[in-house]
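Scroll down for the structure; my scribbles are underneath it.
The values are calculated or read from the model by the stated rules, or taken from the named source; none is laboratory data. The structure displayed is predicted, hence computed values, not measured ones. Heads up, the Cβs are rebuilt from the backbone with ideal geometry, glycines too, and the neighbour counts pull from every protein chain shown. When the accessible area is computed, the model is the full protein with side chains, heavy atoms only, and any ligands, DNA or RNA have been set aside. Shrake-Rupley method; radii C 1.70, N 1.55, O 1.52, S 1.80 Å.
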Amino acid sequence: MTRALIVVDVQNDFCEGGSLAVQGGARVAADIAALLAARQEQSAAAPHYPYVVATRDHHIDPGEHWSSNPDFVDTWPVHCEVGTSGEEFHPNLMPRTFDAVFLKGRHSAAYSGFEGQSDDGTLLAEWLRTHHVAAVDVCGIATDHCVRATALDAVSAGFRTRVLTSLCAGVAPTTTRAALREMEEAGVRLD
Ligand SMILES: [Zn+2]
């Protein structure tokens, strides 16, 4: 079964020092990079992923997703604004051996990577099907928001879905625990 790795939103604004910093974000970036390096070197210990794709929050004007008085549930400080360094991949995320990058949220919240489009406008689910991908592993930031939404969409789109919890960082412990439970109940395997 062809399995792809989906790296969710490992961007400067979601890591330490960013406008919406998630504790552990920079560490997750480095750990994912180590996995990508092992894959590139075709190390026997590396999990085999024929494809690795990434998603990125890519906001121009996402409406009420941004707020000057955020509740950190539905509204958030300005983050991942197109053209800012906050929107870039975190520098720890090297090498970036992505087969495609899916940008999401130009004018919406777009928590799920499945709302993202590649350079040529291909949606993530369509791209995965075109490449005969039947299973996905999801990692990145944040467990309780964009990883959660991406994994739930993956499983409901019919992909065999696993979340690599050691390669994820969450905004808050309570919502992270709830998200993990919700994903598991939806049929996502937690590793
Ligand atoms: Zn956002």
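Assorted remarks:
- Of all residues making up the range 153-172, the number that are among the basic types (Lys, Arg) and either in a helix (DSSP H, G or I) or open to solvent by 50 Å² or more (accessible area, probe 1.4 Å) (or both): 1
- Scan of the range 139-158 for residues that are of a type in the set (S, T, N, Q) and under 25 Å from Ala33 (Cβ atoms), ordered by number: Thr143, Thr150
- Residues that are outside any loop (DSSP other than H, G, I, E, B) and more than 16 Å from Val7 (Cα to Cα) within the range 108-129 comprise Glu126, Arg129, listed in sequence order.
- Residue check for Ala29: among the small types (Gly, Ala, Ser), at pLDDT 95 or above, away from the ligand (no atom under 11 Å from the Cβ) and touching a His at 6+ places or on another chain (Cβ under 7 Å): yes
- Among all residues of the range 87-107, there is at least one that is in a loop (DSSP other than H, G, I, E, B), basic (Lys, Arg) and modelled with pLDDT of 95 or more.
- Which listed residue is outside any strand (DSSP E or B), surrounded by fewer than 16 Cβ atoms within 10 Å (Cβ to Cβ) and in contact (Cβ under 8 Å) with a residue 12 or more places away in the chain, from His132, His145: His132
- Verdict on Thr150 being within 17 Å of Tyr111 (Cα to Cα), touching an Asp or Glu at 6+ places or on another chain (Cβ under 7 Å), part of a helix (DSSP H, G or I) and at pLDDT 95 or above: no
- Annotation: of all residues in the range 62-75 being open to solvent by 90 Å² or more (accessible area, probe 1.4 Å) and assigned to a loop (DSSP other than H, G, I, E, B), the one that is nearest to Glu126 (Cα to Cα) is Asp74.
- Hits in the range 79-112 (condition: crowded, with 17+ Cβ neighbours inside 10 Å and within 12 Å of the ligand (Cβ to nearest atom)): His79, Cys80, Glu81, Gly86, Glu87, Leu103, Lys104, Gly105, Ala109, Ala110, Tyr111, Ser112
- Meets criteria (within 27 Å of Trp66 (Cα to Cα), modelled with pLDDT of 95 or more and among the β-branched types (Val, Ile, Thr)) for Thr130: no
- Unmet criterion (only one of (1) within 12 Å of the ligand (Cβ to nearest atom); (2) not in a loop (DSSP other than H, G, I, E, B)) for Ser19: (2)
- Single residue of the range 3-16 satisfying the filter (assigned to a loop (DSSP other than H, G, I, E, B) and more than 10 Å from the ligand (Cβ to nearest atom)) that is surrounded by the fewest Cβ atoms within 10 Å (Cβ to Cβ): Glu16
- Residue within the range 173-183 that is of a type in the set (A, V, I, L, M, F, W, C), surrounded by fewer than 20 Cβ atoms within 10 Å (Cβ to Cβ) and assigned to a helix (DSSP H, G or I) present: yes
- Residue, farthest from Val138 (Cα to Cα), within the range 45-59, restricted to residues that are within 11 Å of the ligand (Cβ to nearest atom) and open to solvent by 20 Å² or more (accessible area, probe 1.4 Å): His58
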